[in-house]
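The values are calculated or read from the model by the stated rules, or taken from the named source; none is laboratory data. All of these numbers come straight from a predicted model, not from anything done at the bench. Neighbour counts are summed over all protein chains in view; Cβ atoms, including those assigned to glycine, are modelled from backbone coordinates with ideal geometry. Side chains are part of the model used for accessible areas, which takes the heavy atoms of the whole protein and leaves out ligands, DNA and RNA. Shrake-Rupley method; radii C 1.70, N 1.55, O 1.52, S 1.80 Å.
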Amino acid sequence: MKFIQKIFKSLGLKIIRIKSIAPSHASDKNILFPISLTYYMKNQNGVVIDVDLDKGRGFPCFSFDKNSNHPFVIAAQYSDFNEDKIFYILRNFYNLVVSSVALDVFAIIGSNSIAKNYPNWAVVMPWESENQQQWFEKVKKSVLSENRHMGEKMGIEKGWSWLGPTCDEKVRVESKRLLNVLKSIQANGYKRNDYVDGDIRVNILLKNNDEWIWQATTGQHRASVVGSLDYKTIPVRVMKVVKREEVQSWPNVQNGLYTIKEGLKIFDMIYNNTFSHLTKDWDAFILTKIKGK
């Protein structure tokens, strides 16, 4: 543990154990990530750094910068603070970007993985500690909780935030959530804190020891809104560093859910923001119906 602390200290960073400790910060232009996924400890509270929006990825692959086709970035940017306009944009996204099973999300064809038997919303990253069934249960609970937070008693059967098909009731929930965040950040700026949900939590995806992007695991609405408002940088809380060359040690590669080749494909699609196998109709819609107006 002392070894890890020394590495973080050399980078101007500090491991945070409890939420009451103020985070340390570092410029993303100078920081490297020698810390392996092996050193990730679930009970630690991560480290806060400032990162570029154009290095960010939502789920599954969309960038958060202003020119992105992330549905929340587009909806926030072209909504005129109108919930019905947000609903219109998101409704089209969920109609146009549809997958049936988890393996479709990353265009994994002919796999023997049990992921082919799970719905698209149960897609789990190769480097997560949860296995397929555990992730399935985790998403169900998470969606139920977020819907209840918006005053709606509905579960995942009504749809998922990140891909279609999705029912109108869920689209309305997401529209309201996004508008609330947009109004708050527009009025007050982006403000973080050290409490449980006070930061956008991310994983760093690292290759070649010094090339990296970040993927949000929580806070996509916030990240999308700051992107739509043309922020260039944002503070995020890094919870895990995933090294591409350590693919053989990723939990869902070790347990056989993904092969090494499949794990690397998922990493590279996220890293390179290549998701057009599902989004070509959505991309065309943005060009002709939204940006073309």
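Report every pair of residues separated by at least 6 positions or lying on different chains whose Cβ atoms are under 8 Å apart, first residue within the range 255-284 and within 15 Å of Leu205 (Cα to Cα), second open to solvent by 50 Å² or more (accessible area, probe 1.4 Å) and not in a helix (DSSP H, G or I).
From residues that are within 15 Å of Leu205 (Cα to Cα), the pairs are Asp268/Thr274.
Give the number of residues within the range 152-167 that are part of a helix (DSSP H, G or I) and surrounded by 16 or more Cβ atoms within 10 Å (Cβ to Cβ).
Initially, the range 152-167 is screened for residues part of a helix (DSSP H, G or I), giving 156-158.
Of the ones still in play, those that are also surrounded by 16 or more Cβ atoms within 10 Å (Cβ to Cβ) are 156, 158.
Number satisfying all stated conditions: 2.
Among the numbered criteria (1) under 25 Å from Ser99 (Cα atoms); (2) within 16 Å of the chain's Cα centre (by Cα), which one does Glu157 miss?
Going through (1) under 25 Å from Ser99 (Cα atoms); (2) within 16 Å of the chain's Cα centre (by Cα) one by one, Glu157 breaks only (2).
Would you say Asp281 is over 15 Å from the mean Cα position of the chain (by Cα), of a type outside the set (A, V, I, L, M), within 30 Å of Ile185 (Cβ to Cβ) and not in a helix (DSSP H, G or I)? Working first, answer last.
Values: over 15 Å from the mean Cα position of the chain (by Cα): yes; of a type outside the set (A, V, I, L, M): yes; within 30 Å of Ile185 (Cβ to Cβ): yes; not in a helix (DSSP H, G or I): no.
No; evaluated as a whole, the condition is false for this residue.
Could you list all residues from the range 131-151 that are modelled with pLDDT of 95 or more and part of a loop (DSSP other than H, G, I, E, B)?
The one that is modelled with pLDDT of 95 or more and part of a loop (DSSP other than H, G, I, E, B): Asn131.
Which ones in the range 96-135 are over 27 Å from Leu179 (Cβ atoms), of a type in the set (Phe, Trp, Tyr) and either open to solvent by less than 40 Å² (accessible area, probe 1.4 Å) or over 18 Å from the mean Cα position of the chain (by Cα) (or both)?
Answer for the range 96-135, where residues must be over 27 Å from Leu179 (Cβ atoms), of a type in the set (Phe, Trp, Tyr) and either open to solvent by less than 40 Å² (accessible area, probe 1.4 Å) or over 18 Å from the mean Cα position of the chain (by Cα) (or both): Phe106, Tyr118, Trp127.
If you go through the range 168-221 one residue at a time, how many are assigned to a loop (DSSP other than H, G, I, E, B) and either touching a strand residue (DSSP E or B) at 6+ places or on another chain (Cβ under 6 Å) or within 15 Å of Glu146 (Cβ to Cβ) (or both)?
Residues of the range 168-221 that are assigned to a loop (DSSP other than H, G, I, E, B), as a first pass: 189-200, 208-210, 217-219.
Next cut, either touching a strand residue (DSSP E or B) at 6+ places or on another chain (Cβ under 6 Å) or within 15 Å of Glu146 (Cβ to Cβ) (or both) only: 192, 196-197, 199-200, 217-219.
Result for the range 168-221: 8.
Just checking, does the range 107-114 include any residue being closer than 24 Å to Asp283 by Cβ, small (Gly, Ala, Ser) and in contact with a helix residue (DSSP H, G or I) (Cβ under 9 Å, 6 or more places away or on another chain)?
Filtering the range 107-114 down to residues closer than 24 Å to Asp283 by Cβ leaves 107-109.
Checking which are small (Gly, Ala, Ser) leaves us with 107.
From what is left, the residues that are in contact with a helix residue (DSSP H, G or I) (Cβ under 9 Å, 6 or more places away or on another chain) are 107.
Yes, the range 107-114 has at least one match.
Answer yes or no as to whether Asn147 is touching a Pro at 6+ places or on another chain (Cβ under 9 Å), touching a residue at least 24 places away in the same chain (Cβ under 8 Å) and not hydrophobic (A, V, I, L, M, F, W, C). Spell out the reasoning first.
Working: touching a Pro at 6+ places or on another chain (Cβ under 9 Å): no; touching a residue at least 24 places away in the same chain (Cβ under 8 Å): yes; not hydrophobic (A, V, I, L, M, F, W, C): yes.
The answer is no for Asn147.
Consider Gln215 carefully, then state whether it is within 11 Å of the chain's Cα centre (by Cα) and at pLDDT 95 or above.
On the way: within 11 Å of the chain's Cα centre (by Cα): yes; at pLDDT 95 or above: yes.
It is true that Gln215 is within 11 Å of the chain's Cα centre (by Cα) and at pLDDT 95 or above.
Looking at this structure, is Leu264 surrounded by 17 or more Cβ atoms within 10 Å (Cβ to Cβ), in contact with a Ser or Thr (Cβ under 7 Å, 6 or more places away or on another chain) and of a type in the set (A, V, I, L, M)?
no
All but one of (1) open to solvent by 10 Å² or more (accessible area, probe 1.4 Å); (2) under 30 Å from Gly189 (Cα atoms); (3) assigned to a helix (DSSP H, G or I) hold for Lys240; which doesn't?
All conditions pass for Lys240, except number (3).
Please enumerate the residues belonging to the range 69-83 that are closer than 14 Å to Trp282 by Cα and open to solvent by less than 10 Å² (accessible area, probe 1.4 Å). Quick ask: steps written out before the conclusion?
Narrowing the range 69-83 to residues closer than 14 Å to Trp282 by Cα: 69-75.
Within the range 69-83, His70, Pro71, Phe72, Val73, Ile74, Ala75 meet the criteria.
Has the range 172-185 got any residue that is surrounded by fewer than 16 Cβ atoms within 10 Å (Cβ to Cβ), without any contact (Cβ under 8 Å) to a residue 60 or more places away in the chain and of a type in the set (D, E, K, R)?
No: the range 172-185 contains no residue that is surrounded by fewer than 16 Cβ atoms within 10 Å (Cβ to Cβ), without any contact (Cβ under 8 Å) to a residue 60 or more places away in the chain and of a type in the set (D, E, K, R).
Under 20 Å from Lys243 (Cα atoms) and touching a Phe, Trp or Tyr at 6+ places or on another chain (Cβ under 9 Å): does that describe Leu205?
On the way: under 20 Å from Lys243 (Cα atoms): yes; touching a Phe, Trp or Tyr at 6+ places or on another chain (Cβ under 9 Å): yes.
So Leu205 passes the test.
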